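These notes are about the structure you will find just below.
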Amino acid sequence: MLLRAFREVLRQIEAHLLLAGDGPLRACLADQIRRLGLGRNVRLLGPRDDIPSLLNAADVFAFPSLTEGLPNALLEAMAAGCPIVTTNVPGCRDLIDHEQTGLVVPYGDVSGLATSILRLMGDRECARRLGGNAAAIVPHMWHFQRTLDGYTAVYDEIVAELDRGVRLPE
């Protein structure tokens, strides 16, 4: 989805897409980049240990995920103040409030993803506002200790139910 959207972006502006990380889909992505004629503008960076630097240099962080739990990559982009475009799927929509902390598009909406990327690249004030809003909420809502405390509370409730003899659903 991101590669097809990025091809639409390139029809309007000169841009570069950097994909950090590695995994079993790397060869498939490289083939799709070649087939779409994006080799001059898309780079597969592989595993990196300088993600904060990449995020600080990014104009937009596009995260068109199909499904997520609690997406660390999205949290890292938020903490870095990156303007974000993501998809309306669980996990992503739980973190990003459309028009407040980023832009959210329906999964599969390639044109909507491209339009949102172009909007953030063209409207730097909007991009700064959304990125700043996202960065501001991370320490308050998504702090590691608060998340850990939340999980601990859930486990404590389960243990208390078991201690009282309540059978949990299988």
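The values are calculated or read from the model by the stated rules, or taken from the named source; none is laboratory data. On a predicted model such as this, the values are computed, not experimentally measured, just so you know. Using ideal geometry, Cβ is built from the backbone for each residue, glycine included, and neighbour counts are taken over all protein chains shown.
The residue of the stretch 67-88 that is farthest from A57 (Cα to Cα), among those that are among the β-branched types (V, I, T) and touching a strand residue (DSSP E or B) at 6+ places or on another chain (Cβ under 9 Å), is T87.
Contact annotation: residue pairs with Cβ atoms under 7 Å, 6 or more positions apart or on different chains, pairing a residue in the stretch 136-147 that is on the phi < 0 side of the Ramachandran plot with a partner that is modelled with pLDDT of 80 or more and part of a helix (DSSP H, G or I), are V138/L75; V138/M78; V138/A79; W142/L75. Could you please find all residues in the stretch 119-167 being at pLDDT below 80, outside any helix (DSSP H, G or I) and within 26 Å of the chain's Cα centre (by Cα)? Result: W142, H143.
Conditions tested, residue by residue: (1) in contact with a Ser or Thr (Cβ under 6 Å, 6 or more places away or on another chain); (2) acidic (D, E); (3) closer than 22 Å to G122 by Cα.
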{"site": "G46", "(1), (2), (3)": "no, no, no"}
{"site": "P52", "(1), (2), (3)": "no, no, no"}
{"site": "A57", "(1), (2), (3)": "no, no, yes"}
{"site": "F63", "(1), (2), (3)": "yes, no, yes"}
{"site": "G69", "(1), (2), (3)": "no, no, no"}
{"site": "P90", "(1), (2), (3)": "no, no, no"}
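Conditions tested, residue by residue: (1) out of contact with any Asp or Glu (no Cβ under 7 Å at 6 or more places or on another chain); (2) among the aliphatic types (A, V, I, L, M).
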| position | (1), (2) |
| --- | --- |
| A73 | yes, yes |
| G91 | no, no |
| G112 | yes, no |
| T115 | yes, no |
| C126 | yes, no |
| D149 | yes, no |
| V166 | yes, yes |
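Here L19 does not qualify as touching a helix residue (DSSP H, G or I) at 6+ places or on another chain (Cβ under 9 Å) and more than 24 Å from V104 (Cβ to Cβ).
All told, S116 meets the bar of being at pLDDT 95 or above, buried (at least 18 other Cβ atoms within 10 Å of the Cβ) and assigned to a helix (DSSP H, G or I). Close contacts from the stretch 7-18, counting a first residue that is surrounded by 13 or more Cβ atoms within 10 Å (Cβ to Cβ) and a second that is part of a loop (DSSP other than H, G, I, E, B) and not polar (S, T, N, Q), with Cβ to Cβ under 7 Å and a gap of 6+ residues or different chains, come to R7/L36; R7/L38; V9/A15. Of the listed requirements (1) part of a loop (DSSP other than H, G, I, E, B); (2) touching a helix residue (DSSP H, G or I) at 6+ places or on another chain (Cβ under 7 Å); (3) surrounded by fewer than 16 Cβ atoms within 10 Å (Cβ to Cβ), Q32 misses just one: (1).
Test A30 against the stated conditions and say whether it is touching a residue at least 24 places away in the same chain (Cβ under 8 Å) and among the hydrophobic types (A, V, I, L, M, F, W, C).
no
Total residues in the stretch 44-68 satisfying the condition of being exposed (fewer than 14 other Cβ atoms within 10 Å of the Cβ) and outside any loop (DSSP other than H, G, I, E, B): the figure is 6.
Within the stretch 86-98, does at least one residue satisfy the condition of being surrounded by 11 or more Cβ atoms within 10 Å (Cβ to Cβ) and within 23 Å of Q12 (Cα to Cα)? Within the stretch 86-98, one or more residues are surrounded by 11 or more Cβ atoms within 10 Å (Cβ to Cβ) and within 23 Å of Q12 (Cα to Cα).
Have a look at G102, G108 and point out the one that is more than 19 Å from L18 (Cα to Cα), crowded, with 19+ Cβ neighbours inside 10 Å and not hydrophobic (A, V, I, L, M, F, W, C).
Result of the check over G102, G108: G102.
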